[in-house]
Structures are given as structure tokens and as C-alpha cells.
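Here's the structure we're looking at; comments come further down.
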Amino acid sequence: MENIDETPDDEGRMNLRFGLFERIPDGVFTFVDTLTSLDLSNNRLTEISPEISSLALLRELNISHNFINKFDERIGSCIRLRFLDISHNRLLYIPEALFKCTMLESLNHAS
């Protein structure tokens, strides 16, 4: 388990940018009942793990500026997701599962 010192603030936001993480730290998933916004930008992530589906309250996810080349299809379980930034990664296509996120208002996927 990768330890993290951060906890969500009073509004459920967690900032883990510039943390040199190669995967989403397991500690993130201990906040499934409170986490609404997660910033993992500017790390070394290469994929989004299946556990992302446990973050049912997640409304904002910033995973820009990483090395992500694939998404687990379970991202579609994040049905409250409204804002997603996947820009500046190594994705060749937008994962089809994102179309299950019917509340998605903003998707940044610039290279």
C-alpha cells in the first residue's frame, strides 16, 4: 500500500499532483464515502486501476500530464463524474466506458 499524507478537505477534494505516483495510491480508496474531487495530475501514472469504480461520489478527476495509455472499463461506474481531464497522456483513443458517465459535462483530452 502506497502511503499518502493527504486527506480530502471539507468539500471532499484531494490534491495529489506532483507526487511521483506510478499508480493511484491505495490510500485514496479509503475515502470512498467522502471523495468528490481528485487531482493526480503531473505524476507518473501509466494506467487507471479497476478500483476507480469504488469512488462512487467522484465528480472531478484530473489525471492530466501523466503517462496513461489505458483505462480500466470500470471508469464507467463513476456515474457522478462531471469533469474529467485526461489531457497530455499517451491515450490513443477515448475509452468507450466514459460514455456511461452520463453526467459528464467537461472532457479535456488534448494531447
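Residues that are more than 13 Å from the chain's Cα centre (by Cα), closer than 23 Å to L107 by Cβ, open to solvent by 10 Å² or more (accessible area, probe 1.4 Å) and charged (D, E, K, R) are absent from the stretch 19-36. Entry remark, the stretch 11-33: residues being assigned to a loop (DSSP other than H, G, I, E, B) and closer than 21 Å to F67 by Cα number 10 in total. Considering each residue of the stretch 7-18 in turn, at least one proves to be open to solvent by less than 30 Å² (accessible area, probe 1.4 Å) and within 27 Å of L92 (Cβ to Cβ). Residues in the stretch 34-67 that are at pLDDT below 95, aliphatic (A, V, I, L, M) and in a loop (DSSP other than H, G, I, E, B): A56 alone. So, I79, is that one closer than 17 Å to S106 by Cβ, of a type in the set (A, V, I, L, M) and over 10 Å from the mean Cα position of the chain (by Cα) or not? The answer is yes for I79. Say we look at the stretch 69-111 and pick out the residues that are assigned to a helix (DSSP H, G or I) and hydrophobic (A, V, I, L, M, F, W, C); which of these is surrounded by the fewest Cβ atoms within 10 Å (Cβ to Cβ)? So, considering only residues that are assigned to a helix (DSSP H, G or I) and hydrophobic (A, V, I, L, M, F, W, C), the one surrounded by the fewest Cβ atoms within 10 Å (Cβ to Cβ) is F99.
The values are calculated or read from the model by the stated rules, or taken from the named source; none is laboratory data. A quick note: this is a predicted structure, and the numbers were derived from the prediction, not measured. Positions of Cβ are backbone-derived with ideal geometry, glycine not excepted, and every protein chain shown enters the neighbour counts. In case anyone asks, the SASA skips ligands and DNA or RNA and just uses the protein heavy atoms, side chains included. Shrake-Rupley method; radii C 1.70, N 1.55, O 1.52, S 1.80 Å.
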